[in-house]
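Asks: Please read through the structure below; I'll follow up with questions.
What follows is calculated from the coordinates using simple rules that are stated; it is not laboratory data. Only a predicted model underlies this, so the values are computations on that prediction, with no experimental measurement involved. Ideal geometry is used to build each Cβ from the backbone, glycine not excepted, and the neighbour counts take in all protein chains shown.
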């Protein structure tokens, strides 16, 4: 065996050391700490093209359910899945689905009658909870107001009961008609106008079974009474309705980093009305927040941020209230504030801010709501946009947070309200027309969004989230109202509380 010289050994060792990549470490390398989130940096990543991709995805989802994303449908479930999958892919959030069951009730009614050999078609409305069915039978006038069983004559059996509005609930009148053997019922108003937004008040009643029913205006009803009194009238009631319990889910996503005792929340609803796809109401708000959530992982947050994507808002803030009322007192107190994004891309938009300080509408939010309003005002001023206050009346998903004493605020571009001449000067658009002519209609699609307003408002939310993620100065940290009881109100009251529509049970 040949032995190397000491000089050669030293030279070989030196070459080996210089060529070595260093000690091998198969364990995870420590990650660099993320820089704190900054408003201007986050806003630069919020692109029009990405928002439009989300809008396209929602429209594709709506095709799964006849063009809408109402809660509990395949389309809405696809929306929920889309949001959660994208959030999970970031690895930045702890996400959860809060799944529960709620009543879906939707329908239409039609009434026709043959009078003196001629068919007359009436403008009619459906009663919430009213069953589906088709009834063709003679029309029989009910005595008095149909509030007691003795008001229903024997000939009502197998017929269509014609009942005047007044004194007692619609639901009682229809239940008593069913108990008397009526095949169907028509309630006409006690004034000239249509009944408008009627409800049977509850899914069923012990007084009798509901029958297919419709409502008429007072003018039409009184004329029909006169026709029945003059001779036999054949009528037809047709009701197309669904009344069923459906499972549905909220999506919650909380940053893994940040102080969980000082959580900054933002939310918007994911469902549409059955009439359309809901790309502005509220695809714009929900997808604007989703896009912020997808860009945020480049930074750290001092205060944790939580996004809430609420279901069944269109049925009366159901998802947000279900979540808020499920919180313990400690969990409620951990929420520093809530920001609401509902309709932020209306085609005839305004830049409206919820009136947290009560200066415009005399309704003041919990302490800190004024700070949120002023922060949004300052931001819009800084980018050269004029803003204006809107009523802080709880008619969106911030309502349950107000009830819990949590400071709240947000942005709204308008729904069925009419744009003033002054507002048209400020923001452009068409005075004398609705902020969103497609509100709760099939036309609420991607093509009818104002994408410029959508981008601006999404950036405003990003600014607020980045600001509060770093500091809660101006937001009082106090004990909230703790555990709340779920409001025991009817399905239709709950639903119309969110929609700003009139309704009646009587």
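Asks: Cα extents of the stretch 194-242 along the three principal axes, largest first, in whole Å?
Replies: Extents along the principal axes, in whole Å: 36, 22, 22.
Asks: With the crude spin-label approximation of a point 7 Å out along Cα→Cβ, what separation in nm comes out for residue 360 versus residue 45?
Replies: Roughly 3.2 nm, to one decimal.
Asks: Now, a different point. Quote the Stokes-Einstein diffusion coefficient, in whole µm² s⁻¹, for the stretch 234-374, based on the Kirkwood radius over alpha carbon pairs, a temperature of 10 °C and a viscosity of 1.306 mPa s.
Replies: 92
Asks: Among 148, 455, rank each residue by its count of other Cβ atoms within 10 Å, from fewest to most, as a rough exposure measure.
Replies: If I rank by nearby Cβ atoms, fewest first, I get 148, 455.
Asks: Could I ask something else about it? Shape call for the stretch 104-163 from the C-alpha gyration tensor, a ≥ b ≥ c root eigenvalues: rounded (a/c under 1.5), prolate (a/b greater than b/c) or oblate?
Replies: Oblate shape, in that a/c is at least 1.5 and b/c is the bigger or equal ratio.
Asks: Using the count of nearby Cβ atoms within 10 Å as a rough guide to exposure, how do 49, 333 rank from fewest to most?
Replies: Going from sparsest to densest Cβ surroundings: 49, 333.
Asks: Could you work out the mean projected area of the convex hull around the alpha carbons of the chain, in square nanometres to one decimal?
Replies: Hull-based average projected area comes out at 35.1 nm².
Asks: Using just the alpha carbons, could you tell me how many Å³ per residue the convex hull of the stretch 107-241 encloses?
Replies: 87
Asks: What's the angle, to the nearest 10 degrees (0 to 90), between helix 74-90's Cα axis and the longest principal axis of the chain?
Replies: That helix lies at roughly 10 degrees to the long axis.
Asks: What ranking of 343, 287 emerges when the number of other C-beta atoms within 10 Å of each C-beta is taken as an exposure proxy, fewest first?
Replies: 343, 287
Asks: A further question on this structure: Got the relative contact order for the chain handy, in percent, Cα pairs under 8 Å and 6 or more residues apart?
Replies: 19
Asks: Taking Cα atoms, how many degrees apart are the long axis of helix 218-230 and the longest axis of the chain, rounded to 10 and kept between 0 and 90?
Replies: Once rounded, one gets 30 degrees.
Asks: What shape does the stretch 309-419 have by the C-alpha gyration tensor, where a ≥ b ≥ c are the square roots of the eigenvalues, rounded means a/c under 1.5, and otherwise prolate means a/b greater than b/c and oblate the rest?
Replies: Here the stretch 309-419 falls in the oblate category.
Asks: So, one more: Would you kindly work out the equivalent ellipsoid of the stretch 59-135 from its C-alpha gyration tensor and give its semi-axes, the square roots of five times the eigenvalues, largest first in whole Å?
Replies: The answer is 43, 14, 7 Å, longest axis first.
Asks: Can you give me the Cα centroid spacing of the stretch 64-87 and the stretch 189-234 in angstrom?
Replies: Using only Cα atoms, the two centres lie 37 Å from each other.
Asks: If you take every DSSP beta bridge whose two residues both sit in the chain, what share of them, in percent to the nearest 5, is antiparallel?
Replies: 55
Asks: What angle do you read, to the nearest 10 degrees and between 0 and 90, between the alpha-carbon axis of helix 451-470 and the longest principal axis of the chain?
Replies: That works out to roughly 60 degrees.
Asks: Testing the spin-label approximation: label points 7 Å from Cα along Cα→Cβ at residue 442 and residue 367. State their distance in nm.
Replies: Distance between label points: 5.3 nm.
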